[in-house]
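Asks: Here it is, the structure in full.
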Amino acid sequence: MSKIFERLADKIELWRREAKDILANGGEKVLSEITVSQAYGGMRGVRSLICDTSRVPQEQGLIVRGKPLKEIINISPEEVFYLLLTGELPDKTELENFSENLKTRKFVPDYVWNVLKAMPANSHPMTMLSTAIIVLQKESLFAREYDRGIRKEDYWKPTLEDSLNIVAKIPAIAAAIYRMSFNKGEIIEPDPDMDLTGDYVHMLGIENADKDEFNNLMKLYLVAHCDHEGGNVSAFANQTINSALSDVYYSLSGGFNGLAGPLHGLANQECLKFILETMEKFGDTPTKEQAEKQVKETLDSGKVIPGYGHAVLRVIDPRFEAFFDFGKKNFPDDPVFKTVEVFFNVVPNELKKVEKIKNPWPNVDAVSGSMLYHFGLREFSYYTVVFAVSRSLGLTAQSVMNRALMHPIIRPKSVTTQYVKNLIS
Ligand code: HAX
């Protein structure tokens, strides 16, 4: 049996003491002041949340529990999940136990399939994923324990149980959504012996994909998208919902609804659409001049260039670099990947000319779709679901942390336009 509960119990005692000391000795220190522009501008840059699972310095990008992405791109999703939860990588035995524990939780009840099958055939795959997670809410141990009157100090335990159950089941749910949405035949049952990545690839059942190479890509994909600190739309939504003591099923489903937006996780779908439309327009991989023309036309029509820009980052996203290196190494002549490369050589220069854009560099979504496309996963409305499978690791780990630290309900204060008018007059 995995020692994750014991390991976390020790850590949580320490973390709680640390938080208590911080509040006793520095509770009145100012983290951020907020201007009127920031209140109108999506609270950009306002430091008002605590999140220890990862951080995103604007000049570095993703750092998971102190480890920059570059250092962990070769580990497995199981290892990164353990790292997100505990702050340390498991040793060999603990990893084996943790992975085995997850394998015992894979089974998805039939009522989930029945609900998904009853949905309209053209439902978006993200709608189906969010629905599947909320339908599973009746399984929540947290909700049951809360009803029984569990002590606040112990809330993290059923939250962790719920989290392990969701992470173990989500590859099967996601794969089934793929097969249902795109008429790929019967759902493929999970293999009780396979790890998260291998089983997800197996259950997607994509023919003609080089299984080993696709497996390597999927492992990288599931690690690279795992978390992105606490203030992005899906994390903030997840955290806010969870702070009302709504269980992880409620909060994760809500977080996924945010991930489904084109300015957030759906950008990977939008990006591949943009690339394929460009290729269709010019008959093949565009030349530099053709790509420039396409970017200018898109900007002139008032649309964003998907996959470029970021609310926090001010450098090339290291997740972009990781996928770009993978493509360069494994399939540099793939026409879709080559188009990603042409845009990478063109878009930042064009965006730099637009004064209001703070970050002209690519984010992860500029390249991730081309990777999946190469391996035969070509239905790009599905891409955000793959992102969500990975992000379930970080969002559930954040929820465990929030219950571990006994964070209160989130409730910032809003002001009216009249209040602001009075303030500035
Ligand atoms: N193309 C065109 N215009 C862009 C742009 C882009 N790629 N990036 C920013 N801008 C525009 C913004 O729309 C904004 O215009 P308005 O003031 O007219 O609204 C202006 O430049 C200033 O924006 P910013 O301060 O640089 O960036 P924001 O923090 O407001 O927004 C976004 C960050 C990621 C939403 C933005 O860069 C964008 O829309 N990018 C394209 C969509 C995208 O790739 N999203 C995925 C981001 C990563 C992620 O969350 N993945 O899940």
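The values are calculated or read from the model by the stated rules, or taken from the named source; none is laboratory data. Quick caveat: nothing in here was measured; it's all calculated off a predicted structure. Virtual Cβ from ideal backbone geometry, glycine too; neighbours counted across all protein chains shown. Just the protein is used for accessible areas: all its heavy atoms, side chains included, with ligands, DNA and RNA removed. Shrake-Rupley method; radii C 1.70, N 1.55, O 1.52, S 1.80 Å.
Asks: Would you be able to say whether some residue in the range 2-18 is loosely packed, with under 11 Cβ neighbours inside 10 Å, away from the ligand (no atom under 16 Å from the Cβ) and among the basic types (Lys, Arg)?
Replies: yes
Asks: State yes or no: is residue 290 among the polar types (S, T, N, Q), open to solvent by less than 50 Å² (accessible area, probe 1.4 Å) and either out of contact with any Asp or Glu (no Cβ under 7 Å at 6 or more places or on another chain) or assigned to a helix (DSSP H, G or I) (or both)?
Replies: Taking the combined requirement at face value, the residue does not satisfy it.
Asks: Within the range 72-164, which helices (runs of 4 or more DSSP H) (wholly inside it) include 2 or more residues that are under 24 Å from residue 401 (Cα atoms), open to solvent by less than 10 Å² (accessible area, probe 1.4 Å) and of a type in the set (Val, Ile, Thr)?
Replies: 77-86
Residues are listed down the side, and each one gets a yes or a no for (1) charged (D, E, K, R); (2) within 13 Å of the ligand (Cβ to nearest atom); (3) more than 23 Å from residue 136 (Cβ to Cβ):
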residue	(1), (2), (3)
200	no, no, no
219	yes, no, yes
227	yes, yes, no
232	no, yes, yes
248	no, no, no
263	no, yes, yes
268	no, yes, yes
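Asks: Pull up the range 19-51, narrow it to residues that are part of a helix (DSSP H, G or I) and touching a residue at least 24 places away in the same chain (Cβ under 8 Å), then point me to the one that is surrounded by the fewest Cβ atoms within 10 Å (Cβ to Cβ).
Replies: 36
Asks: Continuing with this model, one more query. On the given criteria, is residue 328 without any contact (Cβ under 8 Å) to a residue 40 or more places away in the chain, within 8 Å of the ligand (Cβ to nearest atom), more than 18 Å from residue 72 (Cα to Cα) and surrounded by fewer than 21 Cβ atoms within 10 Å (Cβ to Cβ)? Show your work before the answer.
Replies: Values: without any contact (Cβ under 8 Å) to a residue 40 or more places away in the chain: yes; within 8 Å of the ligand (Cβ to nearest atom): no; more than 18 Å from residue 72 (Cα to Cα): yes; surrounded by fewer than 21 Cβ atoms within 10 Å (Cβ to Cβ): yes.
No; evaluated as a whole, the condition is false for this residue.
Asks: Further, regarding this structure: Looking only at the range 350-381, filter to residues that are farther than 21 Å from residue 292 by Cβ, open to solvent by 50 Å² or more (accessible area, probe 1.4 Å) and outside any loop (DSSP other than H, G, I, E, B); which one of those is nearest to the ligand (Cβ to nearest atom)?
Replies: The extreme case among them is 380.
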